[in-house]
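To keep things clear, I will list the structure first and then write my remarks on it.
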Amino acid sequence: MKTLVIAEHDNGALKPETSKTINAAVKMGFPVDVLIAGNSLSAMSSQVASIEGVANVLVADNSVYEHQLAESMTDLVLSLSDTYSHIVASATTTGKNFMPRVAALLDVAQISEIIAVVDADTFKRPIYAGNAIATVKSLDSKKVITVRASSFDLQGEQSAAVVTNIDTVSDSQLSSFVSVEQTESERPELTAATVVISGGRGMQNGENFALLNGIADKLGAAIGASRAAVDAGFVPNDMQVGQTGKIVAPNLYIAVGISGAIQHLAGMKDSKVIVAINKDPDAPIFQVADYGLVADLFEVLPQLENAL
Amino acid sequence: MKVLVPIKRVIDYNVKARVKSDNRDVDLTNVKMAMNPFCEIAIEEAIRLKEAGTASEVVAVTIGPKASQEQLRTALALGADKAIHIETDEKLESLHIAKLLAKIVEQESPELVILGKQSIDSDNNQTGQMLAALTNRGQGTFASKVVINNGKVNVTREVDGGLQTVALNLPAIITTDLRLNEPRYASLPNIMKAKRKPLEVIAADSLGVDLTPRIQLISVEEPAKRTAGIIVEDVAQLVEKLKTEAKVI
Ligand SMILES: Cc1cc2nc3c(=O)[nH]c(=O)nc-3n(C[C@H](O)[C@H](O)[C@H](O)COP(=O)(O)OP(=O)(O)OC[C@H]3O[C@@H](n4cnc5c(N)ncnc54)[C@H](O)[C@@H]3O)c2cc1C
């Protein structure tokens, strides 16, 4: 029994989801190998090799894998799958894209977005926008699993594991990369930040999101948003927190002008401390907030920035 | 070009699911049910392709109990041409659903299958990708834009870092994200007309797919409850509490 973890990265940098997913994989109880598939990966293999619990690092460094398209990633993972009982990836948009494809071709179920490992076959996962937690047992001999990274800790360090290059290349002709629009930001990533401040429809427009900048700068925070704010075009899609956006669990989450719909709560209610700023005292967000401030956001945001 | 749209009957998105007192599952008795929001977006996209002259026929399909015909009628009222109901009272998993859908793909030969990226009950986000694998088609998941030309479809995908566009050879599989379109409402005359549109019923166990469970549901619990905290007077008190009580800044 062995586990294969597929690393999360953007060619340039390894994402913290990788370490947290390895943390989950180690809890499954078997030796863990990690596959890094991408292009021009240079230093990444040594980074992965020094994550505690990693036995072998497999590197597939080829332009074919630059954009980690589902079809080619699937072929690659399948070519390695024989010796593994568990195949595990982060529930990022990359993992969510190729892992079910791997599962179907192995003729096994996928267990999506686990938040706890009970034993090698049994896992906990949220369902119904996190309003229920299911404990499920896989009956398949091979398990394909995606991990909600925010529910696991970063792994410690170790002296380096063995690194092996993988030469097999499979370029699926089914799809090809066209373009990418990357949102550039100097701020920490939403899923990695220890403080997140999010704006909702109450922000009224995109320019007003600038009111969050100064506060985010002072707190070293990432900036997020509700679906309503994204749909209205205030901010880009990758800022959405919620059931169908990003799942965050920072030490401090500040919700500004967000009502607290079930779907939004699904993405942030595991935060350690929640602050809500909303002018409506009956807004459901106050039911999950540790500290609520009933106020007009346009009045209090500048005050908050000054007080920090 | 024929477009197949698989849809699912789920709890209405405005309703908060409750866990049964025996912790065996979620309680859905007398709960309002509706079409999964992502499936509505999938139907809308297919109908727009038909209105644009790109698609010639839109077929809606669902797998579930008899009551799911209600959602098929909605799809027909929104503009689908015909519907297929694969009837079962079993709670099937994504892999089973994908295998049953693969049979329908074989039968109907659609050039495009558009599905919701996830259903808001099981939150799995698997079926479209699995169907793409089983039918050996390219996949464009989490789509916020779909453009078809010259035997290819360009799909702009909502990814963690922004937006990514891929080109897929047709036939292909697409799964919808929230911003692909804004679904319309069915008009009353169209709801009446939908009653006369064809709806074929097929027994799930007649399709030769092994429906043995691969996952055992052991228990379902309420998530850890958060209790409401305090309402602070002003910004000064908020900052003070965050510093000295919560110690997070
Ligand atoms: C399938 C599906 C998936 C979804 N997924 C997500 C998701 O992932 N993430 C998500 O966030 N939503 C999601 N939603 C949408 C969700 O249901 C809500 O519509 C959305 O979260 C509402 O966003 P909001 O709180 O910003 O807007 P609103 O609900 O309109 O709330 C705005 C709030 O701002 C307050 N406000 C207004 N002006 C001020 C002011 N001057 N000062 C202070 N407060 C003010 C108001 O009192 C109000 O409470 C999903 C919905 C569906 C159907």
Candidate set: segment B:1-33, residues that are within 15 Å of the ligand (Cβ to nearest atom) and open to solvent by less than 20 Å² (accessible area, probe 1.4 Å); chosen: the one farthest from the other protein chains (Cβ to nearest Cβ): B:Ile7
Among the residues in segment B:6-24, are any modelled with pLDDT of 95 or more, over 20 Å from B:Asn154 (Cα atoms), acidic (Asp, Glu) and not in a loop (DSSP other than H, G, I, E, B)? no
Tell me, please, whether a residue that is modelled with pLDDT under 95 and either surrounded by fewer than 21 Cβ atoms within 10 Å (Cβ to Cβ) or assigned to a helix (DSSP H, G or I) (or both) can be found in segment B:111-125. no
Does B:Leu101 qualify as being open to solvent by less than 20 Å² (accessible area, probe 1.4 Å) and part of a helix (DSSP H, G or I)? yes
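Quick grid of which residues meet (1) among the β-branched types (Val, Ile, Thr); (2) closer than 21 Å to A:Gly130 by Cβ; (3) touching a strand residue (DSSP E or B) at 6+ places or on another chain (Cβ under 8 Å):
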{"position": "B:Cys39", "(1), (2), (3)": "no, yes, yes"}
{"position": "B:Thr54", "(1), (2), (3)": "yes, no, yes"}
{"position": "B:Ile63", "(1), (2), (3)": "yes, no, yes"}
{"position": "B:Leu72", "(1), (2), (3)": "no, no, yes"}
{"position": "B:Ala80", "(1), (2), (3)": "no, no, yes"}
{"position": "B:Ala83", "(1), (2), (3)": "no, no, yes"}
{"position": "B:Ile86", "(1), (2), (3)": "yes, no, yes"}
In segment A:1-45, the residues that are under 20 Å from A:Ser141 (Cβ atoms) and open to solvent by 40 Å² or more (accessible area, probe 1.4 Å): A:Met1, A:Lys2, A:Lys27, A:Gly29, A:Phe30, A:Pro31
Do we have any residue at all in segment A:106-127 that's more than 7 Å from chain B (Cβ to nearest Cβ), open to solvent by 10 Å² or more (accessible area, probe 1.4 Å) and of a type in the set (Gly, Ala, Ser)? yes
Of the listed residues (B:Lys145, B:Lys152), the one being in contact (Cβ under 8 Å) with a residue 24 or more places away in the chain, more than 7 Å from chain A (Cβ to nearest Cβ) and of a type in the set (Lys, Arg) is B:Lys145
Residue check: is A:Leu139 more than 8 Å from chain B (Cβ to nearest Cβ) and either in contact with a Leu (Cβ under 7 Å, 6 or more places away or on another chain) or open to solvent by 10 Å² or more (accessible area, probe 1.4 Å) (or both)? no
Residue count for segment A:217-231, restricted to those that are of a type in the set (Lys, Arg) and near the ligand (Cβ under 9 Å from one of its atoms): 1
Which numbered condition trips up B:Gly208, out of (1) on the phi < 0 side of the Ramachandran plot; (2) more than 9 Å from chain A (Cβ to nearest Cβ); (3) touching a residue at least 60 places away in the same chain (Cβ under 8 Å)? (1)
Please list, ordered by residue number, the strands (runs of 3 or more DSSP E) wholly in segment A:232-308 having 3 or more residues that are buried (at least 23 other Cβ atoms within 10 Å of the Cβ), near the ligand (Cβ under 10 Å from one of its atoms) and more than 8 Å from every other protein chain (Cβ to nearest Cβ). A:273-278
Every listed condition ((1) within 14 Å of chain B (Cβ to nearest Cβ); (2) surrounded by 23 or more Cβ atoms within 10 Å (Cβ to Cβ); (3) more than 14 Å from the ligand (Cβ to nearest atom)) holds for A:Phe152 save (1)
Hey, among B:Leu207, B:Leu180, B:Leu242, B:Leu217, which residue is open to solvent by less than 80 Å² (accessible area, probe 1.4 Å), out of contact with any Gly (no Cβ under 7 Å at 6 or more places or on another chain) and either within 20 Å of B:Lys82 (Cα to Cα) or modelled with pLDDT under 95 (or both)? B:Leu207
Based on what the data block shows, is A:Asn165 within 16 Å of the ligand (Cβ to nearest atom) and open to solvent by 20 Å² or more (accessible area, probe 1.4 Å)? no
Do the conditions hold for A:Asn131, that is, is it within 7 Å of chain B (Cβ to nearest Cβ) and within 15 Å of the chain's Cα centre (by Cα)? no
The one condition A:Asn208 fails out of (1) within 12 Å of chain B (Cβ to nearest Cβ); (2) in contact with a strand residue (DSSP E or B) (Cβ under 8 Å, 6 or more places away or on another chain); (3) not in a strand (DSSP E or B) is (1)
Can you go through B:Asn124, B:Asn154 and tell me which one is under 30 Å from A:Ser226 (Cα atoms) and within 16 Å of the ligand (Cβ to nearest atom)? B:Asn124
Go through A:Gly202, A:Gly214 for me and flag whichever is more than 13 Å from chain B (Cβ to nearest Cβ), of a type in the set (Gly, Ala, Ser), within 12 Å of the ligand (Cβ to nearest atom) and over 28 Å from A:Arg125 (Cα atoms). A:Gly202
Among the residues of segment B:223-249, write down those that are more than 7 Å from chain A (Cβ to nearest Cβ) and part of a loop (DSSP other than H, G, I, E, B). B:Ala224, B:Lys225, B:Thr227, B:Glu233, B:Asp234, B:Glu245, B:Lys247
When every residue in segment A:197-220 that is hydrophobic (A, V, I, L, M, F, W, C) and touching a Leu at 6+ places or on another chain (Cβ under 8 Å) is compared, the one most open to solvent (accessible area, probe 1.4 Å) is A:Leu211
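The values are calculated or read from the model by the stated rules, or taken from the named source; none is laboratory data. Fair warning: this is a prediction, and the values are worked out from it, not measured in the lab. We place every Cβ from the backbone using ideal geometry, glycine too, and count neighbours over all the protein chains shown. Remember, those area values only see protein heavy atoms, side chains included, never the ligands or the DNA or RNA. Shrake-Rupley method; radii C 1.70, N 1.55, O 1.52, S 1.80 Å.
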